[in-house]
1. When only residues in region 166-194 that are open to solvent by less than 50 Å² (accessible area, probe 1.4 Å) and not in a helix (DSSP H, G or I) count, which is nearest to residue 111 (Cα to Cα)?
2. Select from region 178-199 the residues that are under 24 Å from residue 165 (Cα atoms) and among the charged types (D, E, K, R) and write down the one among them that is farthest from the chain's Cα centre (by Cα).
3. Can you go through 14, 57 and tell me which one is more than 26 Å from residue 195 (Cβ to Cβ), crowded, with 19+ Cβ neighbours inside 10 Å and not aliphatic (A, V, I, L, M)?
4. In the set 126, 141, which member is assigned to a strand (DSSP E or B) and under 11 Å from the mean Cα position of the chain (by Cα)?
5. Just to verify a result, which residue in region 69-94, among those that are open to solvent by 10 Å² or more (accessible area, probe 1.4 Å) and not in a helix (DSSP H, G or I), is modelled with the lowest pLDDT?
6. Restricting attention to region 106-165, and to residues there that are at pLDDT below 90, small (Gly, Ala, Ser) and in contact with a Phe, Trp or Tyr (Cβ under 9 Å, 6 or more places away or on another chain), which single residue is surrounded by the most Cβ atoms within 10 Å (Cβ to Cβ)?
7. Of the conditions (1) assigned to a loop (DSSP other than H, G, I, E, B); (2) exposed (fewer than 15 other Cβ atoms within 10 Å of the Cβ), residue 35 satisfies every one except a single condition; which number is it?
8. Between a first residue in region 74-98 that is closer than 11 Å to residue 8 by Cβ and a second residue that is among the β-branched types (Val, Ile, Thr) and in a loop (DSSP other than H, G, I, E, B), which pairs have beta carbons less than 9 Å apart while being 6 or more apart in sequence or on different chains?
Amino acid sequence: MKVLGISASPRLKGNTNLLLREALAGATSAGAQVDYIRLCDLNISPCVECNSCYKTGRCRIEDDYQMVMSKLLEADRLIFATPIFFMAVCAQAKTLIDRCQCLWANKYVLNKSLITSGGLDRRAMVIAVGGSKSKKMFDSVRLTMKYYFDVLDMQYVANLFINKVDYCGQIKKHPSAMKEAYRLGCELVSSITPPPKKPIDVELT
């Protein structure tokens, strides 16, 4: 079982990143092989909407995206972690998501299968942290990730949403959040039941 953790947080010791590390620890405890990527350490340019992928199925921009894409396609499980900026995923997260337009083109324009080996039971969850008190803070994230995971041929199974947390490292004083991250990471790997019809929400304040 290969689990890929993607951190979109610009802060190395930020709340989102700390929760992702805890979720990956849970996955490791369940016997998974885990891989961690921090987007701020990579060179990934924005999509330029050239549409060349509509013909080739490949992104013509050569940078670190190709490495991330390979890991995305090889993973059995994905944990995608992003802070909330202006009620949406952060810029680092959105840049990666937009570059996956070539995967959308493969699937829906060229009608090619993305997954050529391994099992088809691929599942993903989201970790998102924001400082707002708004009850609608995670609405945009749900919709964005729903369509992103569809392109990746992954079942969207869970969300860990934390609001009213902002200062760097503040999540360490929120033991229930860390505990839930570990639990969900473990369950993402060890679950043998069919995926839920809609993502399970764990929302904490």
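1. Quick first cut of region 166-194, residues open to solvent by less than 50 Å² (accessible area, probe 1.4 Å) only: 169, 171, 174, 177-178, 180-181, 184-186, 188-189, 191.
Narrowing the set further to residues that are not in a helix (DSSP H, G or I) leaves 169, 174, 191.
Details: 169: 44, 174: 45, 191: 31 Å.
Here the answer is 191.
2. 179
3. Working: 57 fails: crowded, with 19+ Cβ neighbours inside 10 Å.
None of the others qualify; the one that does is 14.
4. Result: 126 is the single residue among 126, 141 that is assigned to a strand (DSSP E or B) and under 11 Å from the mean Cα position of the chain (by Cα).
5. Going residue by residue through region 69-94, those that are open to solvent by 10 Å² or more (accessible area, probe 1.4 Å) are 69-71, 73-74, 76, 83-89, 91-92, 94.
If we keep only those that are not in a helix (DSSP H, G or I) too, we end up with 76, 83-89.
Details: 76: 93, 83: 93, 84: 91, 85: 89, 86: 90, 87: 86, 88: 91, 89: 94.
Filtering first and then ranking leaves 87.
6. So in region 106-165, the residues at pLDDT below 90 come out as 112-121, 130-137, 163-165.
From what's left, small (Gly, Ala, Ser): 113, 117-119, 130-132, 134.
In the following step, the residues that additionally are in contact with a Phe, Trp or Tyr (Cβ under 9 Å, 6 or more places away or on another chain) were identified as 130-131.
Values: 130: 25, 131: 15.
Only one residue tops the list, namely 130.
7. Result: residue 35 fails condition (1) only.
8. Listed by first residue and then by second, the contacts come to 92/44; 95/44; 96/44.
The values are calculated or read from the model by the stated rules, or taken from the named source; none is laboratory data. Remember, it's a predicted structure, so these values are computed and weren't measured experimentally. Positions of Cβ are backbone-derived with ideal geometry, glycine not excepted, and every protein chain shown enters the neighbour counts. Side chains are part of the model used for accessible areas, which takes the heavy atoms of the whole protein and leaves out ligands, DNA and RNA. Shrake-Rupley method; radii C 1.70, N 1.55, O 1.52, S 1.80 Å.
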